[in-house]
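Report on one structure; see the data block that follows.
The values are calculated or read from the model by the stated rules, or taken from the named source; none is laboratory data. Everything numeric in this text was worked out from a predicted model, so none of it was measured. Please note: Cβ atoms are built from the backbone with ideal geometry, for glycine as well, and neighbour counts cover all protein chains shown. In case anyone asks, the SASA skips ligands and DNA or RNA and just uses the protein heavy atoms, side chains included. Shrake-Rupley method; radii C 1.70, N 1.55, O 1.52, S 1.80 Å.
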Amino acid sequence: MAWRDTWNKACRWSNIWLSQFRIVGLQNRRPGVDNACGIAVIKIDAIGDFLIWLDSASQYKLIYPKQQITLVCNTACAEIAGSTGFFDEIIPIQSRRFESDNRYKREIWDSFRDKNFHTLLQTAYSRTIDMDLLAMNIPAKEKIAFAADESRVNLSRYMAFKNIRRKLDMVYDRLIPSGGENLMELERNAVFIRGLGRDFQAGYPSLPRMQVRRGVIPPKPYVVIFPGASSGKKMWPIERYAKVGGYIVSEKGMDIYLCGGENESYLYGQFVETMEQPQYRDRVHDLFGKTTLSELAEIIRSASLLIGNDTSGIHFAAAVNTRGICIFGEFAYGRFLPYRCERDCRDHEPIIVCSASKACAGCAYGSITSDCKEHLLRTGRYQCMDDVSAEQVISEI
């Protein structure tokens with residue numbers, strides 16, 4: 001398993017490095033007609049980023065009231081996008097395949113060849129090279145983007161040559177200043193909307209109620225736990241989740257529903273095996289990969305609480321107004337969590353962040369300490385994740 005993770009990481013780094021050279025020989029496509037109309041909005045980020053973005057996405061129809069809004073998004077987010085009513089057309093892209101499969105990448109580029117838009121909006125702050133190449137291949141009279149994130153968080157841009165970064169910026173007719181590093185993503189998305197000329201303040205995202213199959217919602221009361229993450233470095237130890245789960249069942253009388261992707265289903269076995277109270281194991285239920293995103297959203301909406309790492313589940317909780325507790329490493333503290341809003345702020349914060357409050361917080365924008373590097377090599381996790389205790393999370397419950 002370790003060699004496979006290392007191989008996948010090496011392939012990702014290699015692909016990121018080589019992708020910058022694909023700009024050679026490509027042309028910045030413009031419409032083939034004078035009366036091009038419609039707005040193309042690019043948002044091919046992962047589910048969590050997409051959920052945070054929904055608050056500002058509500059503004060595009062107000063900014064362009066007479067134009068058709070076409071969203072180009074991650075296939076995983078298409079179902080959510082369709083439920084909002086914010087877009088007239090949705091074009092899904094398999095983002096992971098788009099990053100790694102050159103043939104698929106060119107198929108996507110070619111699929112836009114005969115489309116003609118008036119305005120293209122590249123909405124991501126951490127613009128990857130592949131995002132910029134996609135914008136280059138979508139014909140539009142005007143192309144607008146954020147001035148890109150140049151930090152180590154945006155590995156795609158960080159690894160590219162300066163002259164390549166400059167050429168990628170030249171794809172766009174206008175770059176909107178990003179507002180600096182110290183913004184929560186809700187606030188940053190609001191900066192983009194204001195850059196388009198609309199007076200807008202950031203609020204919490206809100207996901208409308210969706211239709212689901214009868215019997216999908218578990219009987220109340222229950223707690224949802226998301227023990228997985230996009231990277232093992234950001235995963236709190238499963239035995240601590242099990243300790244917290246045992247407390248919820250024994251002291252609060254609630255069942256536990258473990259959720260996440262199908263590839264994380266192995267965590268269910270680890271969770272129940274490490275529970276200190278074996279008599280409660282039948283109160284823990286496996287929902288890994290067994291729901292659609294709509295069903296997952298409604299399961300979270302009906303839950304008493306959601307506990308998880310920095311992953312899509314936490315942002316679903318915020319979007320459906322379910323209280324959440326996030327065990328959060330401090331490598332990019334402040335950008336995606338804790339939540340901050342500028343308007344219609346609720347009486348309570350939607351997500352409580354449990355962190356280690358270490359002096360080295362924000363290492364994603366600087367350098368990782370030698371102690372953390374050693375800890376990463378030994379455990380596969382950031383030190384700040386391991387420094388959050390089960391008792392700390394239980395006290396927040």
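Kirkwood Rh, Cα Rg: Rg to Rh for the stretch 18-121?
Details: Rg = 14.5 Å, Rh = 14.9 Å.
Result for the stretch 18-121 is an Rg/Rh of 0.98.
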For S206 and R378, extending 7 Å from Cα along the Cα-Cβ vector and measuring point to point gives, in nm, a value of 4.9 nm
Restricting to lysines and to Cα separations under 27 Å from K141, and discarding same-chain partners fewer than 8 apart, the set is K43, K61, K66, K105, K115, K162, K167
Using a 1.4 angstrom probe and counting only protein chains, how large is the accessible area of R343 in Å², to 10?
-> 80 Å²
Using modelled amide H (1.01 Å from N, peptide plane; none on Pro or chain starts), what sits under 5 Å from the amide H of Y222, excluding residues fewer than 5 places away?
-> S304
So what are the ³J(HN,Hα) numbers for the stretch 274-283, from phi and the Karplus equation (6.51, -1.76, 1.60; θ = phi - 60°), rounded to whole Hz, Gly and Pro as x?
-> 9, 5, 6, 10, x, 5, 9, 5, 6, 9
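Order W53, W17 by their accessible area, 1.4 angstrom probe, all chains in place, largest first. Write down the numbers at each step before the final one.
On the way: W53 0, W17 95 Å².
The residues order as W17, W53, largest area first.
Helix-derived [θ] at 222 nm for the chain: sum -39500 (n - 2.57) over DSSP H runs of at least 4, divide by residue count, nearest 500?
Working: 17 runs with 144 residues, N = 397.
Computed ellipticity for the chain at 222 nm equals -10000 deg cm²/dmol.
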Largest to smallest principal axis extent of the C-alpha atoms in the stretch 307-394, angstrom = 43, 27, 20
Once all Cα-Cα distances of the stretch 106-147 are split into 10 Å bins that start at 0, what whole-number percent is in each one?
-> 28, 57, 15
Among D169, D199, D255, determine the one that fluctuates most according to a GNM of the chain built with springs between C-alpha atoms less than 10 Å apart.
-> D199
Tabulate in residue order the Karplus-calculated ³J(HN,Hα) for the stretch 253-265, using 6.51 cos²θ - 1.76 cosθ + 1.60 with θ = phi - 60°, rounded to whole Hz; enter x for Gly and Pro.
-> x, 10, 6, 10, 10, 8, 10, x, x, 4, 5, 9, 4
For the stretch 40-96, which trypsin sites (Lys or Arg not before Pro) are in a loop by DSSP, counting at most 11 other Cβ atoms within 10 Å?
-> K66
Spelling it out for I176: with amide H atoms placed in the peptide plane at 1.01 Å from N, the residues 5 or more places away or on another chain with amide H under 5 Å from its amide H are A145, F146, A147
Considering the chain as a Gaussian network with a 10 Å cut-off on Cα pairs, which listed residue, N263, N321, N102, attains the greatest mean-square fluctuation?
-> N263
How many percent of the alpha carbon pairs in the stretch 101-241 exceed a separation of 28 Å?
-> 41 percent
Could you list the square roots of 5 times each eigenvalue of the Cα gyration tensor of the chain, that is, the equivalent ellipsoid semi-axes, sorted largest first and rounded to whole Å?
-> 37, 24, 20
Hey, in the GNM for the chain with a 10 angstrom Cα cutoff, which one of V353, V216, V224 fluctuates hardest?
-> V216
